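Chemist: So that we are looking at the same thing, I have put the structure below in C-alpha cells.
The values are calculated or read from the model by the stated rules, or taken from the named source; none is laboratory data. All values derive from a computational prediction rather than experimental measurement. Cβ: placed from backbone, ideal geometry, glycine included. Neighbour counts: every protein chain shown. For the accessible areas, the whole protein counts, side chains as well, though only heavy atoms, and no ligand, DNA or RNA atoms are used. Shrake-Rupley method; radii C 1.70, N 1.55, O 1.52, S 1.80 Å.
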Amino acid sequence: MAGAAHCSLQVKRLLLDPKFEGYKLSLEPLACYQLGLDAAVAEVKLRDDQYTLDHLRAFGMYNYLHLDSWYQDNVYYVDQFGRVMNLSVTLDTALQKPREVFRLPTDLTAYDNRLCASIHFSSSTWVTLSDGTGRLYLIKSGKRGNSASEKWEIVFNEELGSPFIIAHSVSFVKSDTHSVAVLMLRVEKDELDTKGSEFHITLEWVTIAEISKEGDHRYGIFKRRVLQGKSVPHYAAIEPNGDGLMIVSYKPFRFMQDEDDKLEENDDAKATNEKKDPLYYWQQTEDDVTITVHIPQDITKDDIKVHFSPDNICVTLKDQPPLMEGKLYSSVDHESCTWIIRENQSLEISLIKKNEGPHWPELIAGDTRGEFIMDSSQCSEITESLMHLTSEVMNPNPEKENPPCNAQELEECDAFLEDSASLCRFDGDTLKVTHVINLGSNQYLFSVVVDPREMPCFCLRHDVDALLWQPHSDQPENMWEHIATFNALGYVQASKQDKKFMACAPDYSYAALCECLRRVFIYRQPTPLSTVLYNRKEGRQVGQVAKQLVATLEASDPILGFQATSERLFVLTTKTLFLIKVNPGN
C-alpha cells in the first residue's frame, strides 16, 4: 500500500452521549403480521467442500431478503422455482401476497455446484441478478414497486465463469454512455496455498456499457478487473460514479494484473523488501526533541532550508522536494527551535516542546521513515513503570485490592477474532490503494443504505457504542462522515451469541438484530418522556429513555433474511415473511 494516504475516522463529539444510562426493557406490544409463501425460499445449503469460515460468511450467512432502497418498503426474494417475488407494503392491515416480477430462464435444480441467487438494485430502473450458476443478468425494470405495469426486461445475459454472488452494483452515465458496474464475489480453490485454508477470495469488478452500432443499442462488457484476498470482505462497494471501490476486510485485497504488470510489481516488491536505512534518527527528553539527518557531502549550509512552525516542520536540500515535511505529533516553541551541521556531515535539528513531559510516540504524523533511539535511562524508566503489571508467578497476591489483569474475566464483547481489519479505497484507473484506515479494535457490525444515491453506510463499534459512517467518494477531505450513533449497541450486540443479522432504520430511529431462530431485538434511540422519572441513585430527573423491545416470531424455521425500513422490520424464513411494525407511519 505504498503511496496510500493513511487516514483516520473523525468522530463527531456532538453525536455521542456520555451520559447514556442503558436500554430499558419495554413490554409494549409490537404489531406483527405474517404472510405464508406460495413456494419456499430458494435456500442453498453449504456443500461438504465448502467447509471454511469464509464459505460460511459469504454463503452460509447470506441474507436472502433484498430491500429495494429506491422504493420505500419494497422487499424481494427468489423462491425455489426461480421466481423473483416482490412484496410492496402500503398498509399493514391490507397486505397482498408476494407477486412474481421475474422468472429466471434457467432450471436451477440441474446445477449441483450452484450458489444462492442474488439481486442488487443498481438504480431506480436497473437491476443486476445472478442465478448462482455463474450467469449475470442486467435487467431494465422500469419503475418498481406497487405498479401493475412493472415488467423486467433482460438487456444483458452472459456466463462469467464460476458461480458468484453479487456484492454491489451501481448505474451511472459517463460521457453520454450508460454503464452498470457490478462487484461479484467468489470463494475459489487456491492450489498454491498448502498451509492455509486452501481457498482465496476474488472480487471481480465488471463494467457493462451501452454499445451503439448503426442504430442498434445493446449492452456488452466494457471492462473486467479482479481483486484477490484471503478473507471475505465485511463491506465492498463501488463508488456512485464508478471511479473507485471501497473495501473493509480483515486481510488486504490487491488487483490481479497482466504478466507485464506482474513483473513490474515484483521488481517494485524486491526494491521495497531490500533493507533501507532510516532517513533520520530522533531522540527526546521531557523538554526537547533532537533529529539527526545524514546529508550528502556536497551539501553546504546555504543549500539547507529548515522551516519551523508551531505544529509543522519542513526540511529541503537545494531545490529538491522536501526531505522531511509534515505535522508534528505535538506543538513546539518554533521560535526557539534551531539547526546546525555537525562535522560528520549530518544535520542536527533541535525542537523545543511546548508542553514539557509527554512522551511523543512519533515525530511526524504518519511518517515511518525515521527511527527513534531510546537512551538507557528512558528504557529503565519504562521498565520500572511496567513492573507492576508482571510477576514471576501467576497472580501472586489474590487478596490484593487491584489484582493483575485476568484474561478469564474479559467479557465476550472485549474480544473478537479479527482485531486488525482495514478500510481501503482503490482507484479504478490506477488499480492502486489511495486511502487506507487501520480500523484496529473498531469491529465491523453491519452496513445499511441511508441514501440510495450514495454508497452504503457501514457501522463500526467504537468502545461500547456503534457509530454509523457514510462514505463520500466526491469529498476527499471528508471521505467518511460520522452521521449517527447507536448508544451502547457495540456492547449489547456482543452479548447476543446467537445473532445472525443486524440492521438499522435509514432514519437512524432504531437498530435491530435477530438470532438464528425466532427472536428479534429492537433498540430505539432515546426519546423524551411524557411523565417525570427520577434516577434514585443520583437524585436527578431523567429527561429521556431508550427502549429495548423483543419480538418472538411464531416460526420453527431458521431466519434466512432480515431488513429494516424506517417504519417496519421484514423477517424471512423458509416459508413465511414476517412484518414487525416498529414505528408508526408519518
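Chemist: P105 versus (1) open to solvent by less than 80 Å² (accessible area, probe 1.4 Å); (2) farther than 27 Å from A236 by Cα: which is the lone unmet condition?
Modeler: (1)
Table: residues versus (1) crowded, with 20+ Cβ neighbours inside 10 Å; (2) in the same structural domain as C116 (by the TED database); (3) basic (K, R); (4) without any contact (Cβ under 8 Å) to a residue 12 or more places away in the chain.
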{"site": "N157", "(1), (2), (3), (4)": "no, yes, no, no"}
{"site": "K174", "(1), (2), (3), (4)": "no, yes, yes, no"}
{"site": "S197", "(1), (2), (3), (4)": "no, yes, no, no"}
{"site": "I201", "(1), (2), (3), (4)": "yes, yes, no, no"}
{"site": "A209", "(1), (2), (3), (4)": "no, yes, no, no"}
{"site": "S212", "(1), (2), (3), (4)": "no, yes, no, yes"}
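Chemist: Go through L46, L14 for me and flag whichever is in the same structural domain as P163 (by the TED database), exposed (fewer than 15 other Cβ atoms within 10 Å of the Cβ) and in a loop (DSSP other than H, G, I, E, B).
Modeler: After ruling out the rest, the residue left standing is L46.
Chemist: Restricting to the stretch 469-510, what's the tally of residues that are of a type outside the set (F, W, Y), part of a loop (DSSP other than H, G, I, E, B) and closer than 26 Å to L572 by Cβ?
Modeler: Adding up the residues that qualify gives 8.
Chemist: Among the candidates S8, S88, S69, which residue alone is more than 30 Å from V492 (Cα to Cα), among the hydroxyl-bearing types (S, T, Y) and open to solvent by 20 Å² or more (accessible area, probe 1.4 Å)?
Modeler: Exactly one residue qualifies, and that residue is S88.
Chemist: Turning to a different aspect of this structure: What's the number of the condition L108 fails, among (1) more than 13 Å from L577 (Cβ to Cβ); (2) free of Cβ contacts under 8 Å to residues at least 60 places away in the same chain; (3) in contact with a Gly (Cβ under 6 Å, 6 or more places away or on another chain)?
Modeler: (2)
Chemist: List every residue pair whose Cβ atoms sit under 9 Å apart, with the two residues 6 or more apart in sequence or on different chains, where the first one lies in the stretch 428-439 and is in contact (Cβ under 8 Å) with a residue 12 or more places away in the chain and in a strand (DSSP E or B) and the second, anywhere, is among the charged types (D, E, K, R) and open to solvent by 40 Å² or more (accessible area, probe 1.4 Å).
Modeler: V433/R254
Chemist: If the Cβ limit is 8 Å and pairs must be 6+ apart or interchain, which residue in the stretch 451-470 that is under 19 Å from D68 (Cα atoms) and open to solvent by less than 30 Å² (accessible area, probe 1.4 Å) pairs with which residue that is in a strand (DSSP E or B) and hydroxyl-bearing (S, T, Y)?
Modeler: Note: pairs meeting the criteria are P456/Y235; P456/S447; C457/S447; F458/Y235; F458/Y444; F458/S447.
Chemist: Does L95 qualify as being under 28 Å from S124 (Cβ atoms), surrounded by fewer than 19 Cβ atoms within 10 Å (Cβ to Cβ) and in the same structural domain as T573 (by the TED database)?
Modeler: yes
Chemist: Out of the residues in the stretch 17-43 that are touching a Lys or Arg at 6+ places or on another chain (Cβ under 7 Å) and not in a loop (DSSP other than H, G, I, E, B), which is surrounded by the most Cβ atoms within 10 Å (Cβ to Cβ)?
Modeler: Y23
Chemist: Can you tell me which residues in the stretch 520-538 are open to solvent by 70 Å² or more (accessible area, probe 1.4 Å) and at pLDDT 95 or above?
Modeler: none
Chemist: Hey, does the stretch 332-343 have a residue that's basic (K, R), at pLDDT below 90 and exposed (fewer than 14 other Cβ atoms within 10 Å of the Cβ)?
Modeler: yes
Chemist: Pick out, from the stretch 110-187, the strands (runs of 3 or more DSSP E) lying fully within it that include 3 or more residues that are under 23 Å from the mean Cα position of the chain (by Cα) and either polar (S, T, N, Q) or closer than 27 Å to S88 by Cβ (or both).
Modeler: Here the list reads 118-121, 165-174.
Chemist: Here's a follow-up. Determine, yes or no, whether W360 is more than 40 Å from the chain's Cα centre (by Cα), surrounded by 14 or more Cβ atoms within 10 Å (Cβ to Cβ) and more than 18 Å from D277 (Cβ to Cβ).
Modeler: no
Chemist: How many of the residues in the stretch 279-297 are modelled with pLDDT under 85 and under 23 Å from D375 (Cα atoms)?
Modeler: 0
Chemist: Same structure again: Quick one: which residue in S473, S447, S495 is touching a strand residue (DSSP E or B) at 6+ places or on another chain (Cβ under 9 Å) and either open to solvent by less than 20 Å² (accessible area, probe 1.4 Å) or over 18 Å from T565 (Cα atoms) (or both)?
Modeler: Just a single option satisfies the conditions, and that option is S473.
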